[in-house]
Amino acid sequence: MLVRILQSIIFGLFSGSLYGIIGLGLSLIYRTTGVMNFAHGNSGMIGVFVGWTILALTKNLFLSIFLGLIFGAILGIFMDKILMKKVKGLSHSSMLIITLGVLLIFEGIALIIWGTQPLLFKDIFSFPPKLIYLPQKLNPNNFPLIIPTNDFANFLVAVSLSILIILFSRLTKPGLALIARSEDEIGAKVVGINVNFADSLAWALGISTAVFAGFLVAPKTTVNPIMLVNFQLYGFTAAVFGGFSSFIGAFAGGLILGVLEKIVILVLDQLFTKLGISTINSVDLQLSIILLIIIITLIIKPTGIFGAKFKGKV
Amino acid sequence: MILEINKFSVSYGKIEAVKSVTLSLKEKEVVTVIGVNGAGKSSLLYGISGIVEAKGMIFYQEKDISKLPYNKRVKNGMILCPEGRRIFPSLAVEENLKLGSFSRGNAKKQMKIVFDLFPKLYERKKQIAGYLSGGEQQMLAIGRALMGDPKLLMLDEPSLGLAPIIVDQVYVALAELKKLGISILLIEQNAYQALSFADRAYILENGKVVVEGESKKLLNEDSVRKAYLGI
Ligand SMILES: Nc1ncnc2c1ncn2[C@@H]1O[C@H](COP(=O)(O)OP(=O)(O)OP(=O)(O)O)[C@@H](O)[C@H]1O
Ligand SMILES: [Mg+2]
């Protein structure tokens with residue numbers, strides 16, 4: 001049992017780190033500009049398609065990823081300048097509708113250019129999984145803990161990325177401009193921060209992280225128009241969970257969400273086995289669990305588990 | 001002259017909040033603009049600092065700055081302490097102050113000036129700004145403006161919502177800033193405080209300047225006393 005719990009936690013952390021960086025990007029854009037970007041996952045998906053195409057042409061993986069990320073940044077700036085600046089001052093619901101429109105447009109574009117056939121994307125790190133055996137005392141059946149190397153590498157990369165973004169926002173001038181802008185628009189202006197620049201930066205970074213997450217999951221999901229749709233929902237939940245109050249919160253929210261999800265599945269598995277129910281597969285309940293977590297969080301603590309300070313913009 | 005505006009107007013769509021205002025401020029001078037709610041005082045300051053669009057002429061240190069964006073104006077030493085404080089609520093007092101030096105000003109040097117002026121902020125430097133009292137937040141807002149080493153400091157109703165004793169503290173601090181040689185453009189509804197403190201004054205009504213003159217004289221003028229001092 002201990003092995004199964006540990007295994008769930010490990011898998012949970014692995015998938016949670018991906019939810020975390022999606023949530024981080026969403027909350028970066030939301031906190032800075034006040035726009036909830038419902039086209040987030042699909043923006044990332046377009047970037048992955050671009051990367052995939054460059055890979056097919058050049059066979060150079062790192063160049064493709066790099067150009068995919070740059071494309072994501074440009075796409076983000078484009079979305080800010082063209083779509084959002086035109087609706088500046090409009091209500092949040094109008095912005096929401098616009099991002100929903102973009103979501104559909106991106107899906108359409110991907111279908112037209114790349115078709116419905118899922119495209120394969122190689123594992124970036126392809127080594128056999130590592131098996132860890134706990135001492136006999138803790139582990140009477142001698143089951144191993146399985147650590148898939150690709151997932152582990154993704155986890156490390158995702159954690160490093162989020163640490164980098166957090167350091168960037170704390171220690172560099174453009175990062176501080178983001179923070180100040182997210183705290184108070186007029187306050188940022190009176191200290192001489194170019195708010196338009198901060199907004200574009202948030203979009204560029206945010207969409208780039210979505211593309212990045214897309215590259216990390218692509219070997220599992222394949223490259224296809226709906227590859228990040230579920231991940232966006234998870235990322236959104238992670239950010240709600242973290243309260244949109246800080247970038248660290250969104251990432252930590254993702255990790256907690258990932259673990260919680262796998263633990264709930266484990267518990268349900270045990271329960272169903274005990275009750276002799278074999279018709280329901282607990283993994284199918286994953287999405288319902290996520291939705292339930294959003295609703296429960298919002299009811300119990302609308303500001304997220306880490307608590308937003310002093311403002312609720314939703 | 002550190003600041004000169006001429007036929008200066010600010011509009012929001014069809015509403016003209018500031019109508020062809022002409023105003024000037026000499027180096028090291030303290031000038032106040034008083035007026036009732038909605039007279040256009042804040043709009044005037046937002047226009048001068050470039051945060052809202054304005055029409056007309058504006059010269060800072062004898063240079064035309066009408067095309068200069070707000071962040072460049074800050075860079076040149078025109079610093080606004082805005083209405084409603086607009087501090088960064090979930091950052092610590094110290095972080096708020098450091099951001100005040102984002103564009104200009106030596107953070108270390110300015111912070112010493114701010115802490116000498118407002119010892120309360122030094123005691124609270126690690127505290128989250130949103131948890132400060134109203135008076136402390138106002139001090140923080142003024143402190144943050146000072147962090148940018150202003151040449152022209154614009155203050156929008158610094159005494160708003162403060163108890164009389166705190167208002168006095170704020171004005172003691174402003175007097176220190178005047179001694180440091182900072183030119184101050186002060187906006188107030190609290191006409192008595194402002195007129196007693198400033199060298200010259202303008203009275204704004206419905207976006208237009210209706211009276212201007214030395215503030216000591218205005219303090220003794222019957223029409224002003226009746227309309228703005230309630231005497
Ligand atoms: N963003 C805006 N959009 C439209 N109208 C505005 C805006 N800001 C101010 N106004 C209008 O412009 C006029 C002047 O407002 P302003 O805030 O400059 O006055 P004020 O003298 O600062 O008032 P108070 O003493 O209440 O702060 C008012 O009629 C106000 O309704
Ligand atoms: Mg005002």
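The values are calculated or read from the model by the stated rules, or taken from the named source; none is laboratory data. Only a predicted model underlies this, so the values are computations on that prediction, with no experimental measurement involved. Here the Cβ is made from the backbone with ideal geometry for all residues, glycine too, and neighbour counts use every protein chain on show. Areas reflect the complete protein model, heavy atoms only, side chains present, ligands, DNA and RNA absent. Shrake-Rupley method; radii C 1.70, N 1.55, O 1.52, S 1.80 Å.
Quick notes on this one:
- Residues of region B:160-213 satisfying the condition of being farther than 24 Å from B:LYS19 by Cα and open to solvent by 70 Å² or more (accessible area, probe 1.4 Å): B:LEU160, B:GLY161, B:PRO164, B:ILE165, B:ASP168, B:GLN169, B:VAL172, B:GLU176, B:LYS179, B:LEU180, B:TYR192
- Selection count where residues are at the interface with chain B (Cβ under 7 Å from one of its Cβ atoms) and not in a helix (DSSP H, G or I), scope region A:145-194: 5
- Close pairs (7 angstrom Cβ cut-off, 6 or more residues apart or separate chains): without any contact (Cβ under 8 Å) to a residue 24 or more places away in the chain in region B:15-43, open to solvent by less than 10 Å² (accessible area, probe 1.4 Å) and not in a helix (DSSP H, G or I) anywhere: B:SER24/B:LEU3
- Restricting region B:36-50 to residues that are at positive phi and within 9 Å of ligand 2 (Cβ to nearest atom) leaves a set whose member that is surrounded by the most Cβ atoms within 10 Å (Cβ to Cβ) is B:GLY40.
- Candidate set: region B:79-102, residues that are buried (at least 22 other Cβ atoms within 10 Å of the Cβ) and farther than 19 Å from B:SER133 by Cα; chosen: the one nearest to ligand 1 (Cβ to nearest atom): B:LEU80
- Sole exception among (1) closer than 20 Å to B:LYS151 by Cβ; (2) of a type outside the set (Asp, Glu); (3) within 14 Å of the chain's Cα centre (by Cα) for B:LYS41, by number: (1)
- Of all residues making up region B:51-72, the number that are more than 8 Å from chain A (Cβ to nearest Cβ), crowded, with 18+ Cβ neighbours inside 10 Å and not in a loop (DSSP other than H, G, I, E, B): 2
- Restricted to region B:22-50, and to residues there that are within 14 Å of chain A (Cβ to nearest Cβ) and closer than 30 Å to B:ARG225 by Cβ, the residue that is farthest from ligand 1 (Cβ to nearest atom) is B:ILE48.
Residues are listed down the side, and each one gets a yes or a no for (1) modelled with pLDDT of 90 or more; (2) open to solvent by 10 Å² or more (accessible area, probe 1.4 Å):
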residue	(1), (2)
A:THR209	yes, no
A:PHE212	yes, yes
A:LEU216	yes, yes
A:PHE241	no, yes
A:SER246	no, yes
A:LEU260	no, yes
A:ILE263	no, yes
A:VAL267	no, yes
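- Top-ranked residue in region A:112-151 [being among the hydroxyl-bearing types (Ser, Thr, Tyr) and open to solvent by 90 Å² or more (accessible area, probe 1.4 Å); ranked as farthest from A:MET45 (Cα to Cα)]: A:TYR133
- For region B:214-231, the set of residues classified as of a type in the set (Val, Ile, Thr) and either open to solvent by 60 Å² or more (accessible area, probe 1.4 Å) or closer than 16 Å to B:LEU45 by Cβ (or both) consists of B:ILE231 only.
- Taken together, the criteria place A:LEU104 among residues that are outside any loop (DSSP other than H, G, I, E, B), under 22 Å from the mean Cα position of the chain (by Cα) and more than 17 Å from A:THR222 (Cα to Cα).
- The lone exception for A:PHE38 - which of (1) exposed (fewer than 14 other Cβ atoms within 10 Å of the Cβ); (2) under 22 Å from A:ALA239 (Cβ atoms) it fails: (1)
- Looking only at region B:10-21, and only at residues there that are within 12 Å of ligand 1 (Cβ to nearest atom) and either under 14 Å from B:MET154 (Cα atoms) or open to solvent by 30 Å² or more (accessible area, probe 1.4 Å) (or both), the one that is farthest from the other protein chains (Cβ to nearest Cβ): B:LYS19
- Taken across region B:126-145, residues that are within 16 Å of ligand 1 (Cβ to nearest atom) and among the charged types (D, E, K, R) do not occur at all.
- Residues being of a type outside the set (S, T, N, Q), open to solvent by 30 Å² or more (accessible area, probe 1.4 Å) and over 21 Å from the mean Cα position of the chain (by Cα) - total across region B:121-149: 7
- Within region B:103-113, the set of residues being crowded, with 20+ Cβ neighbours inside 10 Å and within 20 Å of B:LEU132 (Cβ to Cβ) comprises B:GLN110, B:MET111.
- The residue of region B:61-78 that is farthest from ligand 1 (Cβ to nearest atom), among those that are under 18 Å from B:ASP156 (Cβ atoms) and not aliphatic (A, V, I, L, M), is B:GLY77.
- Elements of type helices (runs of 4 or more DSSP H) in region B:119-196, at least 2 residues being within 14 Å of chain A (Cβ to nearest Cβ) and within 16 Å of ligand 2 (Cβ to nearest atom): B:134-147
- Residue match in region B:68-87 (condition: within 16 Å of ligand 2 (Cβ to nearest atom) and among the aromatic types (Phe, Trp, Tyr)): no
- One residue stands out among those in region B:73-92 that are charged (D, E, K, R) and not in a loop (DSSP other than H, G, I, E, B): the one that is nearest to the other protein chains (Cβ to nearest Cβ), which is B:LYS75.
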